[in-house]
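**Q** Below you will find the structure I want to go over with you.
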Amino acid sequence: MKRIAAALLAAACATAPAEPQRSVAGSTFAANSPYATDAYPGFDGLDDIKRPEKKDKSWFNWVDRETAAEQYALAQSLEAEGSYRKARRALDALVREWPAAPESPHAQLRMAKIYAQHDKDYDSAIEELEYLLDFYPSECPYLELVEYMYKLTNLMVKEKKTMFGFSFTSSRIVRQHYESVVRRAPRAPYVPEAMLKIAEIREQDNEHEEAVQVYGQLMMKFPKTPEADAAVYLQAKTRMWLCRRLSYNIPRCLDTSKYLKMMLRDHPRHDHADEMKEWLAELERHLEEDAYARARFYDTKQRTPHAAAAAWERFLAEYPLSPHADEIRARVEELKKGNSK
């Protein structure tokens, strides 16, 4: 009996409809996007961004006509006479009442355009576009609307509202809009520029580690673009800021030194090559001074002559041209003769 029950349960599970995958803002549409990807170090994780939720019927916003077509015609007439708020409400009610109607994606798009063109509320316009791209991806010009999102985000930055010197536009929201654009259309021609803007906002918000990651992703994904060339220098500049702030972090300094050497090797004629050479020289001096201090630490009364000599020899192998080289060689000879004074 137990075997029969188990078999029946397995058959029921096999025939049960699979749980539909939920669309996630900024990552997929219809759960099967041919464009989208989540592999973007330096971007916010998908759990940290706002996700459009499916619109339900509202007790406060109801339809005024019997069919979706009649409701859409009503919204068009309201927009034509300049009643934009009423038009938006009529369009929103249509989408909530008849989500599967052919008029619904058109109504969703008109809502976004009314917000953008008449209210200059670009954030709300982008939210409505996100909803359209998530829930009606096959019924709209997907990539065209992603580019429209990018243009609206640029307008948010250009025309940001302020009062008494304080901005109403959150830099985090703007950055997340750019990140959503990149995730939705990762090979679009405007993506390198968008990634530069994301990194710039990260730096403005003192998130330098994340900015370095975004610059690196830009250089890797779009190596032949002017934006990648700019990222070579901007990443070096951000890395140096971190090294100077955290000079005790020797692994970070070593990594930045390697980065600068590699960039100067691969981009010898870069517009900022001379400045990067100066940064490399600064790092090399710092690393040499740190190595000298560590080797000198071994040459104390608490350490054996053998350990001290080995430490100095490691230093000489790494920095043979050090100004302390002659003095250190003499000290090594002293230590090897057993004179540890």
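**Q** Among the listed residues Glu200, Glu210, which satisfies the condition of being assigned to a helix (DSSP H, G or I) and surrounded by fewer than 18 Cβ atoms within 10 Å (Cβ to Cβ)?
**A** From the options Glu200, Glu210, the qualifying one is Glu200.
**Q** Give the residue, chosen from Lys151, Lys158, Lys113, Lys120, that is more than 23 Å from Ala185 (Cβ to Cβ) and within 30 Å of the chain's Cα centre (by Cα).
**A** Matching residue, one of Lys151, Lys158, Lys113, Lys120: Lys120.
**Q** Arg110 is checked against (1) surrounded by fewer than 21 Cβ atoms within 10 Å (Cβ to Cβ); (2) of a type in the set (D, E, K, R); (3) farther than 30 Å from Glu210 by Cβ and fails just one. What number does that condition carry?
**A** Of the numbered conditions (1) surrounded by fewer than 21 Cβ atoms within 10 Å (Cβ to Cβ); (2) of a type in the set (D, E, K, R); (3) farther than 30 Å from Glu210 by Cβ, the odd one out for Arg110 is (1).
**Q** Right, here's the next one. Test Leu321 against the stated conditions and say whether it is of a type in the set (A, V, I, L, M, F, W, C), closer than 25 Å to Cys243 by Cβ and under 36 Å from the mean Cα position of the chain (by Cα).
**A** Answer is no for this residue.
**Q** Right, here's the next one. How about segment 169-221: which of its residues are among the hydrophobic types (A, V, I, L, M, F, W, C), touching a Lys or Arg at 6+ places or on another chain (Cβ under 9 Å) and under 26 Å from Met262 (Cβ atoms)?
**A** If the condition is that a residue be among the hydrophobic types (A, V, I, L, M, F, W, C), touching a Lys or Arg at 6+ places or on another chain (Cβ under 9 Å) and under 26 Å from Met262 (Cβ atoms), then Val191, Met195, Ile198, Ala211, Val212, Val214 are the ones that fit.
**Q** Can you tell me which residue among His306, His272 is outside the structural domain of Val174 (by TED's automatic domain parsing), modelled with pLDDT under 95 and not β-branched (Val, Ile, Thr)?
**A** Every option except His306 fails the conditions.
**Q** Of the residues Asp119, Asp56, Asp44, Asp64, which is part of a loop (DSSP other than H, G, I, E, B) and in contact with a Leu (Cβ under 7 Å, 6 or more places away or on another chain)?
**A** The unique qualifying residue is Asp64.
The values are calculated or read from the model by the stated rules, or taken from the named source; none is laboratory data. Note that the coordinates shown come from a computational prediction; the quantities given were computed from them, not determined experimentally. Note that each Cβ is placed from the backbone with ideal geometry, even for glycine, and that neighbours are counted across all protein chains shown.
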